[in-house]
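What follows is calculated from the coordinates using simple rules that are stated; it is not laboratory data. Note that the structure is predicted; figures quoted are calculated from it, not measured. Cβ coordinates were reconstructed from backbone atoms using ideal geometry, including for glycine residues, and neighbour counts include every protein chain displayed.
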Amino acid sequence: MIDSHAHLTMFPIDEREGVLGRAAEAGVGAILVPATGRDDLDAVAEMAGLGEGRTPGAVGFHPHEASKCDVAWRRRVETLAEAPGIVAIGEIGLDYHYELSPREDQRRVLAWHLGLARERGLPVILHHREAWEDFLAALDATPKVRGVAHSFTEGAEGVAELTRRGFFVGISGMVTFPKGENIREAARAVPAGRLLLETDSPYLAPVPHRGKRNEPALVRLVLEEVARVREIDAADLERETDSAFEELFLRRP
Ligand SMILES: [Zn+2]
């Protein structure tokens, strides 16, 4: 089992070993750790380098942090993209809900990251919230980039828009929420081979842990709920999602 999105660097350093131990006990073989900006880029690269394949990383600026991604930090992202264990550019995207960076900055910084990903042949980890039209336009402006739309919330039509463009879809613990019907619909709609599972730890803990700190061991609850809504065996879904992860992140095209 793989947790394709967990912010392990947001856990206190002295608790990380426990978090990793519980994940291993739950059968989680790898955890992809995305960066969000200046505060965690180096920590992600360090974890990826020391993780012996168990904690691969992604480097980039989250849309909240977009306005801080100046020229010097872009050089830093370019350098770290070459570091051992770094398998993707992320997490990047557009977030018009919080709009912590101006929309114009978000669009410019996303376009820059997509260009870098294409140039390096690296997949991207995409965040999007209340920015759907601009998000698709940004993807269309830089074709031939592969990646995943993580913690997906757009329902079946959104799944079709993304998979038509070759993207993968990440389903988080929101699939267990009582109001998560659109996410269950998305989880049903993703073609086999394009589906990834994630926790988005420390956020979005699945039921019955909702409201508490999330951690990668709980990706099993996401697996079980997605298997239930897809009406397939959890073991089969585990194999499918593990190999989708390998195809996207561990195989170079
Ligand atoms: Zn995230």
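Using only alpha-carbon positions in segment 43-83, the gyration tensor eigenvalues give semi-axes of 22, 11, 6 Å once each is multiplied by 5 and square-rooted (largest first). With N counted as the residues of segment 96-175, its alpha-carbon radius of gyration over 2.2 N^0.38 Å works out to 1.06.
For a straight C-alpha distance cut-off of 25 angstrom, the lysines reachable from LYS179 (same-chain residues fewer than eight places away being disregarded) are LYS212. Over every Cα atom in segment 152-205, the radius of gyration and the widest Cα-Cα span, Dmax, amount to 10.6, 31 Å. Return a whole-number percent for the relative contact order of the chain, with Cα pairs under 8 Å and 6 or more residues apart as the contact set. Reported relative contact order: 19 percent. Label-to-label distance, ARG103 versus GLU25, with points set 7 angstrom from Cα along the beta-carbon direction: 4.8 nm.
What FRET efficiency, computed as 1/(1 + (r/R0)^6) with R0 = 22 Å and r the Cβ-Cβ distance, is obtained for ARG188 and LEU250, rounded to the nearest 0.05? Please list the in-between numbers first.
On the way: r = 26 Å, r/R0 = 1.20.
That gives a FRET efficiency of 0.25.
Taking the helices alone, the chain has a mean residue ellipticity at 222 nm of -12500 deg cm²/dmol, built from -39,500 (n - 2.57) per DSSP H run of at least 4 residues and averaged over all its residues. Per the Debye calculation on segment 81-139 with a single equal scatterer at every Cα and no solvent contribution, log₁₀ I(q)/I(0) for q = 0.14, 0.19 Å⁻¹ amounts to -0.38, -0.65. Which net charge results when you count Lys and Arg as +1 and Asp and Glu as -1 among the other residues whose beta-carbon is under 15 Å from that of VAL159? With Lys, Arg at +1 and Asp, Glu at -1, the neighbours total +1.
Give me P(r) over segment 1-76, computed from all C-alpha to C-alpha distances, binned every 10 Å, as integer percentages. Each 10 Å bin holds this share of Cα pairs: 20, 49, 24, 7, 0.
Approximating the spin labels as points 7 Å out from Cα along Cα→Cβ, the GLU82-to-GLU161 distance works out to 3.7 nm. In the chain, Rg over Rh equals 0.93, where Rg is the alpha-carbon radius of gyration and Rh the Kirkwood radius from pairwise Cα distances. Lys and Arg at +1, Asp and Glu at -1: add these up for the other residues within a Cβ distance under 11 Å of TRP73 and post the number. Neighbourhood net charge equals +2.
Considering Cα pairs under 8 angstrom that are at least six residues apart, work out the relative contact order of segment 190-253 and quote it in whole percent. Reported as a whole number, the value is 34 percent. Sorted from longest to shortest, the spans of the Cα atoms of segment 45-182 along the three principal axes equal 40, 35, 28 Å. Here segment 116-253 yields Rg over Rh of 0.96, to two decimals, using C-alpha coordinates and the Kirkwood radius. With a cut-off of 18 Å, note down the residues of segment 109-132 whose backbone N falls inside the zone around a label point 7 Å from the Cα of LYS68 toward its beta carbon. Label zone hits: 109-110, 113, 127. Extent of segment 186-253 along its three principal axes (Cα atoms, max minus min coordinate, largest first): 38, 28, 20 Å. Measuring gaps between exposed loop sites in the chain (GluC sites (Glu not before Pro); DSSP loop; at most 13 other Cβ atoms within 10 Å), the longest gap, sites not included, is 131-230. On the basis of the beta-carbon distance and an R0 of 41 Å, ARG38 and GLU231 show a calculated FRET efficiency of 0.40. GNM on the chain, alpha-carbon springs under 10 angstrom: the most fluctuating residue among ILE86, ILE13, ILE183 is ILE13. Once the chain from HIS209 to ILE13 is taken as fully extended at 0.36 nm per residue, the excess over their C-alpha distance is 68.3 nm.
Pairs of alpha-carbon atoms within less than 8 angstrom and 6+ residues apart define the contacts here; what relative contact order does segment 126-242 have, in percent?
21
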